[in-house]
1. Would you be able to say whether some residue in region 226-235 is under 21 Å from Thr82 (Cβ atoms), of a type outside the set (Lys, Arg) and touching a Gly at 6+ places or on another chain (Cβ under 8 Å)?
2. Could you say whether any residue in region 225-247 is of a type in the set (Asp, Glu) and surrounded by fewer than 20 Cβ atoms within 10 Å (Cβ to Cβ)?
3. Do any strands (runs of 3 or more DSSP E) entirely within region 197-252 hold 3 or more residues that are under 24 Å from Leu155 (Cβ atoms) and in contact with a Phe, Trp or Tyr (Cβ under 9 Å, 6 or more places away or on another chain), and if so, which?
4. Given (1) in contact (Cβ under 8 Å) with a residue 12 or more places away in the chain; (2) surrounded by fewer than 20 Cβ atoms within 10 Å (Cβ to Cβ); (3) under 23 Å from Gly72 (Cα atoms), where does Gln220 come up short, assuming only one miss?
5. Being more than 26 Å from Ala36 (Cβ to Cβ), charged (D, E, K, R) and not in a strand (DSSP E or B) is the filter here, so list the residues in region 84-120 that pass it.
6. From the list Val263, Val290, pick out the single residue that is touching a His at 6+ places or on another chain (Cβ under 7 Å), over 19 Å from Glu198 (Cα atoms) and at pLDDT 90 or above.
7. Can you tell me how many residues in region 199-217 are exposed (fewer than 15 other Cβ atoms within 10 Å of the Cβ) and among the charged types (D, E, K, R)?
8. Looking at region 273-289, I want the residues that are touching a residue at least 24 places away in the same chain (Cβ under 8 Å) and more than 24 Å from Gly209 (Cβ to Cβ) and have a partner that is among the hydroxyl-bearing types (Ser, Thr, Tyr) and not in a loop (DSSP other than H, G, I, E, B) with Cβ atoms under 9 Å, at least 6 apart or on another chain. Which pairs are those?
Amino acid sequence: MRASARGALILVFLGLAALAGVPAPELAHARHAGSAWAKAPDLGIGGLSGLELSPDGASFAAISDRGFFVTGRLSRQDGRLTGLAGLKVWPMRGPGGGVLTGADAEGLARGADGALYVSFEGTEGGVMRFEGPDAPGRPLPYPAGFAPRHDNRGLELLSAGPDGTLFSLPEWPAENGRFPVFRFIDGAWTQPFSIAAESGFSPVGGDFGPDGHFYLLERQLIAPVGFRSRVRRFDRGPGDPGAGRVILATPPGRHGNLEGLSVWRDGDGRIRLSMVSDDNFLALQRGQIVEYVLDAGGPAG
């Protein structure tokens, strides 16, 4: 999120103190399974907006709004996320090897071949492919009819399907009130369908889970209290995905500005939702990785 949105965030801080110690309702089939701070000022870590976990949930890669990768390990105790370790920072580099400047990196996806794909909201890159966090990026073509922009209306989230097909959505709907879904396959983007905007939420993160479903992370700013977040689950198919089903909803202020989502299956066979919050490099805003576990018996679809 760029400076254009930070003015509104100041209002958020005014309401955070009132939320301390207030229990937060959740959907019965989604349980909070811990949070860990993802702020390291000594390493310059902040503004994290995209997240990818390894299949076993033991390690992660994340991206920052300011154009760098962060890698590390996750610690858990009794199934609850407790901390991060082994953090490393990798500046993103362009095709010529130079460090990207002014890059507003927002979405992160890991391809079937292990490569990292990053979407940018501004004009710096559109979508770029990186063999690894230390490798130079290679730009992909931009979707036809969707020009790079400076106003937070570029490509926001990025996700890779099981076959490596990339999907991306902007944070803001089109004039018809729907979010266009772009698909990258065979070297070109198409726009096969769209998702209806609902209840003032904006899409900010997404991932295909090991169960074959697509999970969409959405947020809404409720000033002056904070952000509320939700996750919708969609069946993957060739046509319109419909409205999906809300499987997680948090009240305003429960977490920070959740922007990135990674979905994986733990050792007990349960689906976990790992999300990262963007602190916008502001000391009073939370930068965290937050986890929820979906209990068996939750609604299908």
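The values are calculated or read from the model by the stated rules, or taken from the named source; none is laboratory data. Model, not experiment: these values are computed from the prediction. Cβ placement follows ideal geometry from the backbone for every residue including glycine, while neighbour counts extend to all protein chains displayed.
1. Scanning region 226-235 turns up no residue that is under 21 Å from Thr82 (Cβ atoms), of a type outside the set (Lys, Arg) and touching a Gly at 6+ places or on another chain (Cβ under 8 Å).
2. Pass one, region 225-247, residues of a type in the set (Asp, Glu): 235, 240.
Then keep just the ones that are surrounded by fewer than 20 Cβ atoms within 10 Å (Cβ to Cβ); that gives 235, 240.
Yes - at least one qualifying residue is present in region 225-247.
3. Working: elements: 202-208, 214-222, 226-234, 245-250.
The strands (runs of 3 or more DSSP E) meeting that bar are 202-208, 214-222, 226-234.
4. (3)
5. Selection gives Asp113 alone.
6. Values: Val263 fails: touching a His at 6+ places or on another chain (Cβ under 7 Å).
The unique qualifying residue is Val290.
7. At the first step, the residues of region 199-217 found to be exposed (fewer than 15 other Cβ atoms within 10 Å of the Cβ) are 199-200, 210-212.
Pick out the ones that are also among the charged types (D, E, K, R) and you get 211.
Qualifying residue count, region 199-217: 1.
8. Phe281/Ser64; Gln285/Ser277; Arg286/Ser35; Arg286/Ser277; Gly287/Ser277
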